[in-house]
1. Please go through region 137-148 and give me each residue that is open to solvent by 10 Å² or more (accessible area, probe 1.4 Å), in a strand (DSSP E or B) and not aromatic (F, W, Y), ordered by number.
2. Consider K80 carefully, then state whether it is closer than 21 Å to H48 by Cα, without any contact (Cβ under 8 Å) to a residue 40 or more places away in the chain and of a type outside the set (S, T, N, Q).
3. Quickly run through region 75-96 and pick out the residues that are out of contact with any Ser or Thr (no Cβ under 7 Å at 6 or more places or on another chain), over 18 Å from L135 (Cα atoms) and assigned to a strand (DSSP E or B).
4. Could you grab me the full set of residues in region 107-136 that are out of contact with any Phe, Trp or Tyr (no Cβ under 9 Å at 6 or more places or on another chain), surrounded by fewer than 17 Cβ atoms within 10 Å (Cβ to Cβ) and part of a strand (DSSP E or B)?
5. Which ones in region 42-74 are part of a loop (DSSP other than H, G, I, E, B) and either open to solvent by less than 60 Å² (accessible area, probe 1.4 Å) or under 24 Å from A136 (Cα atoms) (or both)?
Amino acid sequence: MSSTVVAPPSVAPPAPGSTAPAASSASRPPAHVVGNSFVNQYYTVLQHNTKLMHRFYQDRSVLTHGGPESNKVETVTSLKDIHNKVIQLGLDGARAEISSVDSQYSHEGGVIVQVVGGLTMKDGTKRKFVQTFFLAEMVAPTKGYYVHNDIFRYLPTSEGVVPAAPVYAAPSPAPTPAAEAAAPAAVVPPPRAMSSDAAAVVPPP
């Protein structure tokens, strides 16, 4: 799987109470193109600037995080709570090694993305995880997706061996403007301060 995949341009969310038809299936890229592009961006931002992770979400988004124990689960919603939860998890600098990414188109043009891989923390600890996203399509002057649902769970230690040759590993150097120009992105969050208003997930200028 290439780490530089081109996905559709980004979109601002529709005005409150408004609806608009989703793009026809003929005009959409394959679901795996959207999924792979999102995964590349999401885990790169996770490694290099965790404080911006909330920009992948909107106020209506829901995040569920769980450990290996089936009863250890916490669910949060709203941009503020999602931001606080991500910071609380201490994932800043964590490097993702992705074993597999599976994607399907779903309700109203959204994309379900399931990721299996491992995280290497700053202290060298490795933990295997599975994470499932529902990327909801936004319809406005431009097109793109935001994370509407996010379910993350660490896998039991006995299954937590990270593959020696991952399908995709988040790059070590931080992305540069030149690199971003070479690989247009649909869901990279802009470097803006968090607000209570739902914001489009769009590439920085």
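The values are calculated or read from the model by the stated rules, or taken from the named source; none is laboratory data. Note that this is a predicted model, so its numbers are computed, not measured. Positions of Cβ are generated from backbone atoms using ideal geometry, with glycine treated the same way; all protein chains shown enter the neighbour counts. For accessibility, only protein heavy atoms count, side chains too; no ligands or nucleic acids. Shrake-Rupley method; radii C 1.70, N 1.55, O 1.52, S 1.80 Å.
1. Those that are open to solvent by 10 Å² or more (accessible area, probe 1.4 Å), in a strand (DSSP E or B) and not aromatic (F, W, Y): E137, V139, K143, H148.
2. Against the criterion (closer than 21 Å to H48 by Cα, without any contact (Cβ under 8 Å) to a residue 40 or more places away in the chain and of a type outside the set (S, T, N, Q)), K80 does not qualify.
3. The one that is out of contact with any Ser or Thr (no Cβ under 7 Å at 6 or more places or on another chain), over 18 Å from L135 (Cα atoms) and assigned to a strand (DSSP E or B): A96.
4. K126 - this is the single residue of region 107-136 that is out of contact with any Phe, Trp or Tyr (no Cβ under 9 Å at 6 or more places or on another chain), surrounded by fewer than 17 Cβ atoms within 10 Å (Cβ to Cβ) and part of a strand (DSSP E or B).
5. N49, G67, P68, listed by residue number.
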